[in-house]
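Chemist: Please read through the structure below; I'll follow up with questions.
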Amino acid sequence: MDKVRTGVLDHYGVPESGVDSASVTFLGLEPIEILRIVDGDVVHYATLGGSRHPMGDPGDLHADPVRGPRAELVLTLRSGTAMPGLPKALGILVATPSVEGVVLQADALLDLGEPMWQGSAFTAALLGDSEIPQIPLPEPAEPVRYLTVTPVTATEAAWVRVRGAQALRDAWAEAGIDVRDPGRGAATL
């Protein structure tokens, strides 16, 4: 985890002392840390701990403890709005592979079933590719890949299920929607 922490902090050019963090713990899982990195007018919330183990089928009796894809999540939002409950939601999302056997990948849609943070209209997340470079681990482990998290409303999540992730991204672009705005409205679909 130290190597992953160093990789994400180096990407944003911040020292460890300049970062706030929260820890989220779920029964039966190791703690997940959420790093809060202030970067001008945006805040990056990066998970740390989801990549401890490779992703795969939790029911597989012979799962490889070293080989397999590893992922962490990063959510970038405009600063200035309090978002109570956000670390817990990110912890739930990054723990999904351990709990439900889901492999986190670009264009995956993850439903929370509740607001992403208190008072939020967003109840799901759309994952995408991140600018953070893959963080290599010692062989034979695969590198850790960071994926972006974009909060989506229930209506937008339904749109992704019917039309696909790119159709929603196209609708956001066409409408000029800033997906980093925590107070944004849903796209008209």
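No value in this document is a laboratory result; all are computed from the given coordinates. None of these values were measured; they are calculated from a predicted model. So basically every Cβ, Gly included, is an ideal-geometry build from the backbone, and we count neighbours across all protein chains shown.
Chemist: If contacts are Cα pairs under 8 angstrom and at least 6 residues apart, what is the relative contact order of the range 1-153 in percent? All intermediate terms of the calculation are to be shown ahead of the outcome.
Modeler: Numbers: 303 pairs, mean separation 32.3, N = 153.
Relative contact order, the range 1-153: 21 percent.
Chemist: While we're here: Springs between alpha-carbon atoms under 10 Å, Gaussian network over the chain: tell me which of 139, 156, 100 tops the mean-square fluctuations.
Modeler: Greatest mean-square fluctuation among the candidates belongs to 139.
Chemist: Send over the semi-axes of the range 36-110's equivalent ellipsoid, whole angstrom and largest first, taken as the square roots of 5 times the C-alpha gyration tensor eigenvalues. Each step should come with its number before you reach the end.
Modeler: Values: eigenvalues 160, 27, 19 Å².
After scaling each eigenvalue by five and taking roots: 28, 12, 10 Å.
Chemist: If you don't mind, there's one more thing I want to ask. One-quarter of the Cα convex hull surface for the range 149-189, in nm²? Show your work: numbers first, answer last.
Modeler: On the way: hull surface 10.6 nm².
Mean projected area of the Cα convex hull: 2.6 nm².
Chemist: Then there is this: Given the convex hull over the Cα atoms of the chain, what projected area results after averaging over all orientations, in nm²?
Modeler: With every direction weighted equally, the projected area is 11.0 nm².
Chemist: Choose one answer from 113, 50, 85: the residue with the largest mean-square fluctuation in a GNM of the chain with alpha-carbon springs under 10 Å.
Modeler: Of 113, 50, 85, the most mobile in the Gaussian network model is 113.
Chemist: Hey, another quick one. Any idea what log10 I(q)/I(0) is at q = 0.11, 0.16, 0.18 Å⁻¹ for the range 99-189, Debye with uniform C-alpha scatterers and no solvent?
Modeler: Listed by q, the Debye log ratios stand at -0.36, -0.69, -0.84.
Chemist: I would also like to ask the following. Which whole-angstrom value gives the distance between the alpha carbon centres of the range 117-131 and the range 19-45?
Modeler: Here the answer is 15 Å between Cα centres.
Chemist: Please give me the summed charge of the neighbours of residue 127: other residues whose Cβ is under 13 Å from its Cβ, Lys and Arg +1, Asp and Glu -1. Spell out each step's value before the answer.
Modeler: Numbers: positive: 145, 169; negative: 72, 107, 111, 129.
Around residue 127, the charge tally is -2.
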